[in-house]
Amino acid sequence: MLKNYLKVAFRNLWKNKFFSAINMLGLAIGISTCLLITLFVLDELSFDHYNENAGRIYRVNTDLKFGGAEQKFAVASAPLGFTMVNESPEIENAVRFRSYGSSVIRKGDQNIKEDRIIYADSTLFDVFTLPIVSGHSKKALTEPNTLVISERIARKYFNRTNVAGEILLFDNKTNYKITAVIRNIPPASHFNFDIFVSLSGLAESRDDNWLSFNFNTYLLLRKNVDPAFVESRFQQLIKKYTWPKVKQLMNITPEEFLKSGNYFNLSLMPLTAIHLHSDRIAELAPNGDIKMVYIFSAVAIFILLIACVNFMNLSTARSANRAKEVGIRKVLGTPRYKLIYQFLTESVLMSLFSFLIAIVICTLALPFFNELSYKELSLSPDQHPFLLVKLIACAIVIGLLAGSYPALYLSAFEPIVVLKGKLSTGFKSSVFRNSLVIFQFFISTLLIIGTIVIYRQLNYIQHKKLGFSKEQVIVVKDSYVLKDQVETFKNEVLKQPALVSATVSGYLPVPSGRSDSPFFPEGEIDNNKAVSMQYWSIDHDYINTMGMEIAQGRDFSKQFPTDSAGVIINESAAGLFSYTAPVGKKISVITDVNTGKTKSYTILSVVKNFHFESLRQNIGALCLVLEPSNYAVSFRVKGGDMQKTVGEIERLWKKIAPGEMFNYSFLNEDFNAMYRSEQRMGSIAISFAFLAIFIACLGLFGLANYAAEQRTREIGIRKVLGASVANISAMLSKDFLKLVVIATIITFPIAWFIMHQWLQDFAYRTNISWWIFTIAGLIAITIALLTISFQAVKAALSNPVKSLRTE
């Protein structure tokens, strides 16, 4: 029986090659898109699951509101982790990470910059699963000036992995001994370091400062311990260790601190939730976003549904062509369930063929999708065991689901009605089919609107006035390797005719590792008068080079040696201090939390607010201090041949610092890098919108062809009676266009709500203008019209004599 079903199925598919091709192509594109997104989603959901104890590892988060700033940290104080181990029997172990930025490592006569460096406790291997390939985990990181490296680094510097006991020179001054080599950390990890340096040699790791938050702290809970119970112990810890320090510094009780609207809380975050649910200060690496997973999952389902809708539409639309077959079979005694089996067999067979095509499309598209999503996705059986079995099962399920309605619809024909030729075959007769067309273009229009809004927001970000000039600025990073030669380098470069100005600074107006400190009016260490500000070290030329504007007072000047005791604050800081005339006022900052020692500054000026964080955030309080810091040298250039200018800067760098790596970027590129996730989202949204529209148009093309075929005789009569090509084309198009218009109208309020919610993530955002919906609707209607017009014009141009012979 199955053999007969398959034989008939093959014959019908081959007989209707055009419709079979459209069905399989649309379904294959939908399945391949769904498969790509599924690989992406599974990868996002798999982060940190490689750890054997992943279900028992939690990170300590710190939430603080003080001095007018609310801050959510991914770090905690230095003593917290092991204090919890000592005082809480529910905690098995802890490990801390401390980031100090990049370092340069000597290889032969060359210095190589390494960014993926972290300092860690010797308990690293007791908490995380990091397999050793050389050396011993028990001895690793226990002594000062020791480190653990990955296989990648071992091969990079020694061309082998058995390198335990070897020495690496850091920053041309400190030798570190390699105690172990680990396997490369899997890409699906919220941290992916290549070098772990021992924390035991750092005094900060033994500091008893409970008011400084610099250590990413992870706790390994014992089996069957409720994390909520561990969290409840945090308040005891804060009461015992933190509040006494606060009282010592500011002479304030916890009740007074909280009454002022401030708060200080500690919480636990599951290791496996960090990648998709955390976007805090001092994350170990940029994380993903659970919203993206939800959006991509929804898009995958929608595109697959569009492909399945095509199948249903085309199958039911061509019902008349098989109506007589069904009628004759029923008259000959074929039961309905066998007819259903027959139609489902055809559907499953077509789905299997589509899956084969989809796998080929997916394999070809994966490299491009990986580049777009910054992933290393693969269809390899090693990464996805039993993938082939799962795909075959999915193909059968999709075939059954997509073919269920056509099978039930076709098998329900009454033989007497069919054989008398009374079956209704017109396009308008199927409300269900029309609803499916509306659904297809609803999804397509929704994706078009989403794409337009995303790109408008990105364009808004790129062109918004930031309060500084990010164009034409070359940033030479890691200038600390120049030591006391940094000013010489700056002045030598400034001799070039293309240069306008230059500055040596510790910070740039783009996100980087920095923290806030509480400032007070001088002599008033008062909880209610604290202002939490970022503290940047700059030189005399910073304001001018960055194109910032002074609102009150004056810039730092070399003519006034006392400016070293001065500070420039931004308008946000001035507002928080409630100063109407801040210039000349004195403010102070606590420099030692153990002794309460402070340092005072005189406000020299107020700089106009400028964006130094992402536009997702409001502009916070900031102070600029005249202090030496050699993180970067920034050069403003006139323009012209930028590569030639960069080449000249590099030549002077190598002249002053031979053997040191030259690392530069453009300030505008560093700024735009903050929005890479949105840019990727925009590019992926365009791709998915195009695919959704293409699949919908395939179905529309097939339906238009069928509609024209069903009205061949009517078209012939109309042409004989004088109807023009335009009249006939309009007649065939209007029913379809009506459905597309209905779909776009339904889409508008839903699309507005979804994109409005997305824009709430930005403190500074564009508006969703009415014309976006108009353009999206016109695009959808135009695409549909072009798709339908081809078949409509073709039918209108057909020979009426041939048409009148058709029956």
Excluding ligands and nucleic acids, what accessible area in Å² is computed for LEU39 using a 1.4 Å probe, to the nearest 10? 10 Å²
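Under a 1.4 angstrom probe, counting protein chains only, how are LYS490, LYS529 ranked by accessible area, largest first? Display every interim value, and only then the final one.
Details: LYS490 10, LYS529 85 Å².
The ordering from most to least exposed comes out as LYS529, LYS490.
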What aspartates and glutamates does LYS223 reach when the alpha-carbon gap must be under 12 Å and sequence neighbours fewer than 8 apart in one chain are set aside? GLU90, GLU92
What whole number of Å gives the distance from the Cα centroid of region 616-645 to the Cα centroid of region 441-457? 36 Å
Enter the per residue convex hull volume of region 29-180, computed from alpha-carbon coordinates, in Å³ rounded to the nearest integer. 221 Å³
Could you tell me which of the pairs LYS483/LYS608; LYS495/LYS638; LYS113/LYS608; LYS138/LYS239; LYS465/LYS490; LYS72/LYS245 are separated by over 25 angstrom between their Cα atoms in the structure shown? LYS483/LYS608; LYS113/LYS608; LYS138/LYS239; LYS465/LYS490
Nearby aspartates and glutamates by direct alpha-carbon distance to LYS375 (threshold 20 angstrom, same-chain neighbours under 8 apart not counted): ASP43, GLU44, ASP48, ASP115, ASP194, ASP279, GLU283, ASP289, GLU678
Per 5 Å bin, what is the whole-percent P(r) computed from every C-alpha pair distance within region 191-301? 2, 8, 13, 16, 17, 17, 12, 8, 4, 2, 1, 0
Give me, ordered by chain and number, the residues 5 or more places off SER103 or on other chains with an amide H under 5 Å from its own placed amide H. GLU114
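Counting alpha carbon pairs within less than 8 Å and at least 6 residues apart, what relative contact order, in whole percent, applies to region 150-280?
Working: 77 pairs, mean separation 22.3, N = 131.
Over region 150-280, the number comes to 17 percent.
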Radius, Kirkwood style, for region 462-525 when every pair of distinct Cα atoms is counted (Å): 15.3 Å
Suppose every K and R has +1 on its Cβ and every D and E has -1 on its Cβ; what is the size of the dipole of the chain about the Cα centre, in Debye to the nearest 20? 4060 debye
Selection from PHE47, HIS611, LEU364 lying farthest towards where the dipole of the chain points positive, charges on Cβ: LEU364
Relative to the first principal axis of the alpha-carbon coordinates of the chain, what is the inclination of helix 336-373, with its axis defined by its Cα atoms, in degrees from 0 to 90 and to the nearest 10? 30 degrees
What distance in nm lies between label points placed 7 Å from Cα along the C-beta direction at THR782 and MET642? 3.2 nm
Using 20 Å as the cut-off for backbone N distance, which residues of region 518-547 belong to the label zone defined by a point 7 Å from the Cα of SER260 along Cα→Cβ? 518-535
A 1.4 Å probe over the protein heavy atoms gives the chain a carbon and sulfur accessible-area percentage of 57 percent
Relative to the longest principal axis of the chain, what angle (0 to 90°, nearest 10) does the C-alpha long axis of helix 642-656 take? 30 degrees
When the C-alpha atoms of region 599-655 are aligned to their principal axes, what extent does each axis show, in angstrom, from largest down? 41, 31, 18
What Rg and what Dmax come out for region 551-657 when only alpha-carbon atoms are used, in angstroms? 18.3, 54
Among all the aspartates and glutamates, which ones have a C-alpha under 19 Å from LYS586's C-alpha, if same-chain residues fewer than 8 places away are not counted? ASP516, GLU522, GLU524, ASP526, ASP555, ASP563, GLU571, GLU627
Looking at ILE252, SER634, ILE788, which one has the Cα that reaches farthest to the positive end of the dipole of the chain (charges on Cβ: Lys, Arg +1; Asp, Glu -1)? ILE788
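Which of the peptides 393-403, 133-143, 221-231 is most tightly packed, and how do the rest follow, judged by the mean count of other Cβ atoms within 10 Å per residue?
Those peptides, ordered most packed to least, come out 393-403, 133-143, 221-231.
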Rounded D (µm²/s) - region 366-405, Kirkwood Rh over Cα pairs, Stokes-Einstein at 10 °C, 1.306 mPa s: 131 µm²/s
Over all pairs of different Cα atoms in region 135-213, the reciprocal of the mean inverse distance gives a Kirkwood radius in Å of 13.7 Å
Specify the inter-centroid distance of region 105-163 and region 240-260, based on alpha-carbon positions, in whole Å. 42 Å
Quickly rank 58-71, 247-260 as a protection proxy: mean count of other C-beta atoms within 10 Å, highest first. 58-71, 247-260
Calculate how large, on average over all directions, the projected area of the Cα convex hull of region 467-602 is; give the answer in nm² to one decimal. 10.1 nm²
Using the crude model of +1 on Lys and Arg Cβ and -1 on Asp and Glu Cβ, and no other charge, please compute the dipole size for region 465-590 relative to its Cα centre, in debye to 20. 140 debye
Send over the semi-axes of region 62-120's equivalent ellipsoid, whole angstrom and largest first, taken as the square roots of 5 times the C-alpha gyration tensor eigenvalues. 33, 20, 7
I'd like the orientation of helix 290-317 relative to the chain: the angle between its Cα long axis and the longest Cα principal axis, in ° from 0 to 90, rounded to 10. 10 degrees
With a 1.4 Å probe and all protein chains left in place, how much accessible area per residue does the chain have, in Å²? 46 Å²
Which whole-number percent gives the relative contact order of the chain, counting Cα pairs below 8 Å spaced six or more residues apart? 16 percent
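The values are calculated or read from the model by the stated rules, or taken from the named source; none is laboratory data. Source: prediction; values computed, not measured. Here the Cβ is made from the backbone with ideal geometry for all residues, glycine too, and neighbour counts use every protein chain on show. Heavy atoms of the whole protein, side chains included, go into the accessibility calculation; ligands, DNA and RNA do not. Shrake-Rupley method; radii C 1.70, N 1.55, O 1.52, S 1.80 Å.
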